[in-house]
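The values are calculated or read from the model by the stated rules, or taken from the named source; none is laboratory data. Here the structure is a predicted model, which means the values were calculated and not measured. Virtual Cβ from ideal backbone geometry, glycine too; neighbours counted across all protein chains shown. SASA here: full protein model, heavy atoms, side chains in, ligands and nucleic acids out. Shrake-Rupley method; radii C 1.70, N 1.55, O 1.52, S 1.80 Å.
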Amino acid sequence: APVLYDEVLIEGAVRGKYASLKGIDIPSELAASATLRKLKSGSLARLADDDNGLPSLIVGSKLAQETGMTLNSVVTVISPQGTMTPFGMQIRHQRFRVAGTFETDFYEVDDTWAYAPLVSMQRLLSVGDVVNSIELRLDDLNLAPQVARDAARVAGPRYDAVPWEDTNQALMHALELERKVT
């Protein structure tokens, strides 16, 4: 699944919060991940809609709760990657409509993740038709290190391939602590 990640500030009705925003191609994301199949409210169909020029977001349930985002509310997403102007750095921002919330039962994911259509994310970041990651879903998670090595070899020296264990170290640590506590 081709994706474009950025750390952003999302301003809800109650407060703003930093979040990981993932720009996605919806069919590819559904093939590579189950997160968006765990909707608590809203719909995936609405994520694809461009509501009169207003792109949509689907956000984690805890993120929505903490910031005051509700279904159909309009929020502002601010990217710290700005554009240099003669007057200094100009931040990039875009208004989005909340098309839904998801709940995975992993606090860190539900508290810090949001999804937007890939095209909307590219527009927010002013990057054109690019992605900064390609995600693969494997039938056997134990093959991830080998597949990562093979992908790195195929992609060439300018690119890196990272297995899921490395990209999700914080989540793995939290799960390990949870097991020890219970």
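What the table shows:
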{"quantity": "Subset of the stretch 131-145 that is of a type in the set (A, V, I, L, M, F, W, C) and closer than 29 Å to Arg95 by Cβ - its residue that is surrounded by the fewest Cβ atoms within 10 Å (Cβ to Cβ)", "calculated": "Ile134"}
{"quantity": "Test: Phe106 is hydrophobic (A, V, I, L, M, F, W, C), at pLDDT 85 or above and farther than 15 Å from Val8 by Cα", "calculated": "yes"}
{"quantity": "Test: Arg123 is in contact (Cβ under 8 Å) with a residue 24 or more places away in the chain and touching a Leu at 6+ places or on another chain (Cβ under 9 Å)", "calculated": "no"}
{"quantity": "Total residues in the stretch 79-95, condition open to solvent by less than 80 Å² (accessible area, probe 1.4 Å) and in contact (Cβ under 8 Å) with a residue 60 or more places away in the chain", "calculated": "1"}
{"quantity": "Failed condition for Gly23, given (1) part of a strand (DSSP E or B); (2) open to solvent by 30 Å² or more (accessible area, probe 1.4 Å)", "calculated": "(2)"}
{"quantity": "Hits in the stretch 50-66 (condition: touching a helix residue (DSSP H, G or I) at 6+ places or on another chain (Cβ under 6 Å) and open to solvent by 60 Å² or more (accessible area, probe 1.4 Å))", "calculated": "Lys62"}
{"quantity": "In the stretch 41-64, residue nearest to Ala116 (Cα to Cα) [restricted to those that are assigned to a loop (DSSP other than H, G, I, E, B) and either in contact with a Pro (Cβ under 9 Å, 6 or more places away or on another chain) or of a type in the set (Phe, Trp, Tyr) (or both)]", "calculated": "Pro55"}
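Okay, residues lined up against (1) on the phi > 0 side of the Ramachandran plot; (2) surrounded by 13 or more Cβ atoms within 10 Å (Cβ to Cβ); (3) over 16 Å from the mean Cα position of the chain (by Cα):
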residue: Gln122; (1), (2), (3): no, yes, no
residue: Leu125; (1), (2), (3): no, yes, no
residue: Asp129; (1), (2), (3): no, no, yes
residue: Val147; (1), (2), (3): no, yes, yes
residue: Asp150; (1), (2), (3): no, no, yes
residue: Ala155; (1), (2), (3): no, no, yes
residue: Tyr159; (1), (2), (3): no, no, yes
residue: Glu165; (1), (2), (3): no, yes, yes
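The rows are residues; the columns are (1) farther than 27 Å from Arg137 by Cβ; (2) open to solvent by less than 60 Å² (accessible area, probe 1.4 Å); (3) modelled with pLDDT of 95 or more.
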site	(1), (2), (3)
Ala1	no, yes, no
Glu11	yes, no, yes
Lys17	yes, yes, yes
Gly68	yes, yes, yes
